[in-house]
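Input: a single structure, listed below in structure tokens.
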Amino acid sequence: MNMAPTLDQASGPSEKAWLKILSKYRQPHAGRSTFELAVTVIPFTALWILSWLAVHYGIWIGMVLIIPAAAFLLRLFMIQHDCGHGSFFARRRVDDWTGRVIGVLTMTPYDYWRRAHATHHASAGNLDERGVGDIATLTVKEYKALSAFGRLKYRLYRNPVVMFGIGPIWVFIFKQRLPFGMMRSGALPWVSTMATNGAIAVLAALLIWWIGVIPFLLVHLPIVVLAAAAGVWLFYVQHQFEDTHWSEGSEWQFQQAALHGASHYDLPLVLRWVTGNIGIHHVHHLSSKVPYYRLPEVLRDYPELGDIGRITIMQSLRCVNLVLWDENSRRLVSFREARKLA
């Protein structure tokens, strides 16, 4: 029998108990990690080439292969994500260089992103530490204090077309070309972004030389955009859901924020595999050193964790309307609900 803390304890003083329990899942298996990398890179490369052949020979129905290619690019990002936490090979140098190489494909400067993502993990759910590596979320009070133009900007930012359409294009294709938010944080963010930009330019130039500009854009651009949109959607529902938890800095506790401020996005088996089990996000936040392929083991051994913050695909669609944090009811609300509260 697993001697796990109760759920009430899990949100209170038993932080060390849960961390100790999860520590036994932190060790990756080098063979398994290598296999996971191979079964992602090889299909992605094959699907990319097949998509190009469809364009080259005018078999336009073959362009549908862009969709699974984007799915495998998303999975590559999940491997890069684990490398950033040092959990994929658990060898810092190997993880870092694997992440840097993948970052050229995902258009994500690895070291720059890793620093921002570490800040996200250290402050998720903390109302006093918003703004780095997360979805910008205002409280009802902050929103009401804005000017009419300020409210319009926030509404546009939160519009689904912007959030999941324009936003991913802006972030992955343009914004990450410079170390925004870390312009004066030393040389590493600059080296990371500029080196990644240079590698992207070289790879793009070689592919354009090989297949031409138009075929390259017709194949690679939609793959990147689709993968980016899916990635933003996943990141959104991992923290912007009905039962999420936020608190002010004086009340903020790491374990409570991890278990209750991150969701368990219960996806079908195929989507779990494609997304690298990132839906088990509350466990990931509780112990980010657990490799993604071991997260299902945690839920298998401690099924009580599976019920915390659980949302389905249908339930996640309603999360789009949750845009403001109401400090009185301590929950996310829609713009309509915010007007009623007024």
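Out of everything in the stretch 304-336 that is within 18 Å of THR139 (Cβ to Cβ), assigned to a helix (DSSP H, G or I) and free of Cβ contacts under 8 Å to residues at least 60 places away in the same chain, what residue ends up being least open to solvent (accessible area, probe 1.4 Å)?
ASN321
Give ALA4, ALA54 a once-over and let me know the one that is surrounded by 17 or more Cβ atoms within 10 Å (Cβ to Cβ), at pLDDT 95 or above, farther than 30 Å from PRO189 by Cβ and small (Gly, Ala, Ser).
Residue meeting the stated conditions: ALA54.
List the number of the failed condition for ILE21; all other conditions in (1) of a type in the set (Val, Ile, Thr); (2) under 29 Å from GLY309 (Cβ atoms); (3) modelled with pLDDT under 95; (4) open to solvent by 50 Å² or more (accessible area, probe 1.4 Å) hold.
The one condition ILE21 does not meet is (4).
Give the residue that is farthest from ILE49 (Cα to Cα), with candidates limited to residues of the stretch 74-89 that are open to solvent by 10 Å² or more (accessible area, probe 1.4 Å) and of a type in the set (A, V, I, L, M, F, W, C).
PHE89
Quick check, is LEU271 out of contact with any strand residue (DSSP E or B) (no Cβ under 7 Å at 6 or more places or on another chain), of a type in the set (A, V, I, L, M, F, W, C), touching a residue at least 24 places away in the same chain (Cβ under 8 Å) and in a helix (DSSP H, G or I)?
No; evaluated as a whole, the condition is false for this residue.
Could you check how many residues of the stretch 160-184 are more than 18 Å from the chain's Cα centre (by Cα), under 18 Å from SER316 (Cβ atoms) and crowded, with 16+ Cβ neighbours inside 10 Å?
Matching residues across the stretch 160-184 total 0.
Can VAL132 be described as outside any helix (DSSP H, G or I) and surrounded by fewer than 17 Cβ atoms within 10 Å (Cβ to Cβ)?
yes
Residues are listed down the side, and each one gets a yes or a no for (1) under 21 Å from HIS121 (Cβ atoms); (2) part of a helix (DSSP H, G or I); (3) in contact (Cβ under 8 Å) with a residue 40 or more places away in the chain; (4) of a type in the set (Gly, Ala, Ser):
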{"site": "PRO189", "(1), (2), (3), (4)": "yes, yes, yes, no"}
{"site": "ALA201", "(1), (2), (3), (4)": "no, yes, no, yes"}
{"site": "ALA205", "(1), (2), (3), (4)": "no, yes, no, yes"}
{"site": "TRP210", "(1), (2), (3), (4)": "no, yes, no, no"}
{"site": "LEU221", "(1), (2), (3), (4)": "no, yes, no, no"}
{"site": "LEU226", "(1), (2), (3), (4)": "no, yes, yes, no"}
{"site": "TYR236", "(1), (2), (3), (4)": "yes, yes, yes, no"}
{"site": "GLU242", "(1), (2), (3), (4)": "no, no, yes, no"}
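Among the residues of the stretch 142-155, is any among the aliphatic types (A, V, I, L, M) and touching a residue at least 24 places away in the same chain (Cβ under 8 Å)?
No - not one qualifying residue is present in the stretch 142-155.
Quick one: would you say VAL39 is surrounded by fewer than 15 Cβ atoms within 10 Å (Cβ to Cβ) and either without any contact (Cβ under 8 Å) to a residue 40 or more places away in the chain or assigned to a helix (DSSP H, G or I) (or both)?
yes
All but one of (1) open to solvent by 30 Å² or more (accessible area, probe 1.4 Å); (2) in contact with a strand residue (DSSP E or B) (Cβ under 8 Å, 6 or more places away or on another chain) hold for ARG100; state the number of the condition that does not hold.
Status for ARG100: all satisfied but (2).
Being open to solvent by less than 10 Å² (accessible area, probe 1.4 Å) and assigned to a helix (DSSP H, G or I) is the filter here; which residues of the stretch 107-122 pass it?
TYR110, HIS120, listed by residue number.
The values are calculated or read from the model by the stated rules, or taken from the named source; none is laboratory data. In this text the structure is predicted, and so the values were computed from the model without any measurement. Cβ sites come from the backbone with ideal geometry, for glycine too, and all protein chains shown count toward neighbours. Ligands, DNA and RNA are excluded from the accessible area calculation, which covers all protein heavy atoms including side chains. Shrake-Rupley method; radii C 1.70, N 1.55, O 1.52, S 1.80 Å.
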